[in-house]
Every structure is written in C-alpha cells, then in structure tokens.
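**Student:** Starting off with a structure, shown below.
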Amino acid sequence: MHPVSTPTVRKIIHIDMDAFYASVEQRDNPDLRGKALVVGGSPEGRGGVVATASYEARKFGVRSAMSSKQAIQLCPHAIFVRPRFEVYKEVSGKIREIFRRYTDLIEPLSLDEAYLDVTEDKLNIGSALEIAQQIKQAIKDELQLTASAGVSINKFVAKIASDINKPDGLKFIGPSSIEVFMEKLPVEKFHGVGKVTAAKMKSIGLHTGADLKKLSEQELIRHFGKTGSFYYQIVRGKDERAVQPHRETKSLAAEDTFAQDLKTLDEMDAELYKIAEIVHSRLERKNLKGRTVTLKVKYSDFRQITRSQSLFSPIADQATIFSVASKLLSSAISEDEKVRLLGISISNFNEAENPRALKQQQSGQLRLFP
C-alpha cells in the first residue's frame with residue numbers, strides 16, 4: 001500500500017506597520033513624539049485628506065481617508081505634516097530586506113503591509129510564530145518602528161489577526177480555532193466588508209460570522225452577488241489564495257458613499273477632490289502612474305455608470321486626476337440628478353504609449369485642459 005500524503009498546511013504571516021507614515025515622522029522628528037499628528041493635506045482652504053494619523057490623534061476619532069477639515073474639528077490641537085513618500089519608500093525597502101531574510105514568498109499590499117508565506121523558511125526555523133516575533137524585533141531594533149503581525153494558515157485570517165492587538169501586536173490563530181474565531185467575529189471586522197455592506201448585512205439580521213454561516217452559498221450570492229461565494233468560504237476559514245510575490249496591480253481606486261445625496265455639481269466636485277487625493281496617495285504608495293482615469297457614479301435611484309478617459313502620458317498627481325474626473329463628471333450629470341456615490345480609478349499602469357490616444361491628442365480630440 002502506498003502511504004496517503006496529507007496536504008501541507010500553509011504558514012502565512014501578515015505584517016502591518018503601525019501608523020506607518022506618522023510613526024516615521026515621529027521617529028525622525030523628536031518634537032512630534034507623543035503628539036497628535038496627522039500626515040496628509042492641510043485643513044486650510046479647500047482642505048485635504050488624512051493619509052494616516054498617530055495613535056495620539058486616533059484617540060480623538062481621526063482616521064485615514066477622513067477630510068482634514070473634519071480631523072481638525074475632532075482634534076483641534078493636531079499637528080499636520082505633508083507626506084514624504086520618498087522617505088516612506090526607502091523605509092519600506094528596508095522592511096522588505098528584513099522579510100527576505102526568512103522567505104522570498106512576499107506579497108506587498110502597500111508600502112506598510114505584506115503577506116509572507118513561511119511554510120518553508122530560509123533559516124529552517126519551522127515556526128511561523130517565531131519568525132513573526134523575530135521580524136517584529138528586527139524592525140524595532142533596526143528601524144525604530146513597530147509592526148503588528150497576524151499568523152495563520154491562510155491570508156484572510158492572518159490579515160484579520162494582525163489587527164487584533166494593534167499597535168505592536170502579535171496574534172496567532174491556529175487551524176483548530178479558526179471556525180470558532182470566525183463565528184464570533186462581527187461582520188464589520190471581516191476584511192473587505194465596508195460600512196455600506198456591513199449595514200446591509202445587519203439590516204437582514206447578519207451581525208456575526210455565525211449569522212453568515214446560517215445562510216447557504218446561494219442565499220449569500222442572492223444578497224451580495226458573486227462576493228457571496230467568498231463570504232461562504234471565509235466564514236468557514238477557507239481561503240486558498242496563494243501569496244503572490246509578483247502580483248501585478250491592474251487598477252487602483254477609491255470611492256465614497258455619502259450619508260446624504262449630493263445635489264449640486266459644486267458639492268460633487270468637493271467630494272471628488274477628496275477622492276482624487278486618496279487615489280493620488282495610493283498611487284504614491286505603490287510608486288505607480290496610470291494612463292486611464294475612470295469615474296464611477298451611482299445616482300440616488302441606484303443607477304450606476306462609469307466614464308473613462310485615456311491619456312497619452314501616465315499620471316499620478318492629484319490635480320490631473322481631479323481635473324479629468326471632474327470633466328467626466330460634468331458630462332455625466334444632468335440638472336436635478338442626485339448622487340449617492342462617487343469613485344475614481346486609475347489603470348493602464350505599464351502600457352506602451354497609446355498610438356490612438358496620441359493621434360486623438362494631436363488632432364485636438366482629447367483636450368482635457370485649456
């Protein structure tokens with residue numbers, strides 16, 4: 001008889017730096033340590049967007065992607081500094097060097113977080129928990145920064161685990177405890193479930209993983225579309241996605257659903273400006289530039305449209321992103337229409353120069369700016 005081979009249980013670590021941009025600023029400037037710090041746009045004038053905030057500012061409710069004007073209202077004594085993305089990229093590179101001591105299976109999600117597959121580690125340590133501890137300590141000793149780590153057998157659970165004991169946290173969720181853990185988890189804590197989806201879940205009596213687990217896969221699909229299949233799997237602790245070291249970003253987006261419908265183009269432009277700043281920040285984190293800007297609009301009656309514009313040269317700056325999206329918006333909105341959601345996405349990151357776009361630009365068909 002041939003021995004029955006048992007499938008290898010993967011060992012996945014999710015590392016998430018703690019208030020990364022703000023922590024780098026506090027590390028480099030002793031005067032900012034212990035202070036309520038906001039990294040992002042100024043609250044003056046039109047107002048910017050919060051990229052991240054120190055834990056001292058978070059105590060007052062300041063959060064990433066919040067408008068800087070709202071942040072200063074919540075925390076009047078907050079100190080605002082502009083992001084230094086080149087510095088953050090350099091630090092992120094040093095963090096990756098630490099990761100590579102243990103594995104080459106690294107999937108960066110942004111400058112400040114990544115998945116690591118240490119099923120087989122370079123140093124033959126064998127324990128994912130021990131590796132996570134060593135990585136955290138190396139980051140602290142060599143870079144004077146703290147990171148939180150989640151350890152489990154798949155990406156989804158590891159990511160949730162890394163958020164449990166922040167800052168400077170470490171959480172292991174083993175195979176035997178995953179299902180019980182997922183059953184107790186509030187739906188808003190599921191990675192990928194935003195405020196709108198969480199509210200919809202609660203409106204139909206789904207408050208925890210245990211509630212989700214009561215529904216069949218078809219019922220979840222009926223309520224949440226194709227994402228319902230994903231919910232069905234992950235609430236049972238199943239996630240077969242591999243860590244992808246060379247994952248290529250196809251597009252990058254940000255959107256916002258508004259508590260009250262927007263009624264005027266000025267109101268919409270003001271919100272679009274904030275969304276453009278978030279997209280700009282995310283492009284900077286990933287060191288990306290794209291040629292295609294896509295606007296997403298959902299009207300008050302839940303009709304949804306997208307409008308796209310391809311440019312000759314790749315862009316990443318906020319002013320251009322906003323200008324293109326604003327022009328697309330003005331052509332998509334007619335009088336008396338109300339809007340409940342706006343979004344901007346950027347794509348075509350690494351394409352060669354588009355001959356068709358060039359021809360249009362030369363013939364004056366693609367004039368975006370006067």
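No lab work stands behind these numbers, since they all come straight from the coordinates. The model shown is predicted, which means the values in this text are computed figures rather than measured ones. Because the Cβ atoms are built from the backbone with ideal geometry, glycine has one as well, and the counts that use them run over all protein chains shown.
**Student:** What order, most packed first, do the peptides 112-119, 136-143, 160-167, 254-261 have when packing is the mean number of other Cβ atoms within 10 Å of each residue?
**Tutor:** The peptides rank, most packed first, as 112-119, 160-167, 136-143, 254-261.
**Student:** To continue, here is another question. At most 12 other Cβ atoms within 10 Å and a DSSP loop assignment: could you name the trypsin sites (Lys or Arg not before Pro) in the stretch 199-235 that fit?
**Tutor:** Here the sparse-neighbourhood loop sites are 214, 226.
**Student:** Could I ask something else about it? When the dipole is taken about the Cα centre of the stretch 1-113, and only Lys, Arg (+1) and Asp, Glu (-1) are charged at their Cβ, what size is it in debye, to the nearest 20?
**Tutor:** In total the dipole reaches around 160 debye.
**Student:** Taking a cut-off of 15 Å between Cα atoms, list the aspartates and glutamates near residue 122, but don't count ones fewer than 8 places away on the same chain.
**Tutor:** 97, 104, 130
**Student:** For a Förster distance of 41 Å, can you work out the FRET efficiency between the beta-carbons of residue 84 and residue 120, rounded to the nearest 0.05?
**Tutor:** So, using R0 = 41 Å, E works out to roughly 0.65.
**Student:** What is the distance in Å between the Cα centroid of the stretch 51-113 and that of the stretch 180-241?
**Tutor:** 28 Å
**Student:** Reachable aspartates and glutamates from residue 296, Cα under 20 Å, same-chain residues fewer than 8 places away excluded?
**Tutor:** Here the aspartates and glutamates satisfying the reach criterion relative to residue 296 are 255, 256, 261, 266, 267, 269, 271, 277, 317, 335, 336, 337.
**Student:** Let me ask you something else. Using only the Cα atoms of the stretch 222-350, build the gyration tensor, take square roots of its eigenvalues as a ≥ b ≥ c, and label the shape rounded, prolate or oblate: rounded if a/c is under 1.5, else prolate if a/b is larger than b/c, else oblate.
**Tutor:** oblate
**Student:** Quick one: Debye curve from the C-alpha atoms of the chain, no solvent, what's log10 I(q)/I(0) at q = 0.14, 0.15 Å⁻¹?
**Tutor:** -1.39, -1.50
**Student:** Read phi for every residue in the stretch 167-180 and hand back ³J(HN,Hα) as whole Hz from Karplus 6.51 cos²θ - 1.76 cosθ + 1.60, θ = phi - 60°, with x for Gly and Pro.
**Tutor:** Here the 3J(HN,Hα) series is x, 6, x, 8, 9, 10, 10, x, x, 6, 10, 5, 4, 5 Hz.
**Student:** So, one more: Near the amide H of residue 103, under 5 Å away, which other amide H atoms are found, from residues 5 or more places off or on another chain, if H is placed in the peptide plane?
**Tutor:** Answer set, sorted by chain and number: 122.
**Student:** Quick one: Karplus J couplings for the stretch 132-143, per residue in order, coefficients 6.51, -1.76, 1.60, θ = phi - 60°, nearest Hz, x for Gly and Pro?
**Tutor:** 4, 4, 5, 5, 4, 5, 5, 4, 5, 6, 8, 10
**Student:** Taking only C-alpha pairs under 8 Å that are 6+ residues apart, what is the relative contact order of the chain in percent?
**Tutor:** 14 percent
**Student:** To the nearest 0.05, how large is the calculated FRET efficiency for residue 330 and residue 8 if R₀ is 51 Å and r is the Cβ-Cβ distance?
**Tutor:** That pair, residue 330 with residue 8, gives E of 0.40.
**Student:** Here's a follow-up. At a 10 angstrom cut-off on C-beta neighbours, averaged per residue, how do the peptides 333-342, 98-107 rank from highest to lowest?
**Tutor:** With the highest mean Cβ count within 10 Å placed first, the list reads 98-107, 333-342.
**Student:** For the stretch 302-307, take each phi angle, set θ = phi - 60°, evaluate the Karplus expression 6.51 cos²θ - 1.76 cosθ + 1.60, and give the result in whole Hz per residue in order, putting x for glycine and proline.
**Tutor:** 6, 5, 9, 9, 10, 9
**Student:** Still on this model: In terms of modelled amide H atoms, which long-range or inter-chain residues lie less than 5 Å from the amide H of residue 37?
**Tutor:** The list, which skips near neighbours in sequence, is 54, 56, 57, 79.
**Student:** Residues of the stretch 268-308 with backbone nitrogen within less than 15 Å of a virtual label 7 Å along the Cα-to-Cβ line of residue 256, please, listed as ranges.
**Tutor:** Once the point is set 7 Å along Cα→Cβ of residue 256, 268-282, 296-298 turn out to lie under 15 Å by backbone N, inside the stretch 268-308.
**Student:** Tell me the GluC sites (Glu not before Pro) within the stretch 12-66 that lie in a loop according to DSSP and have at most 13 other beta-carbon atoms within 10 Å.
**Tutor:** The qualifying sites are 44.
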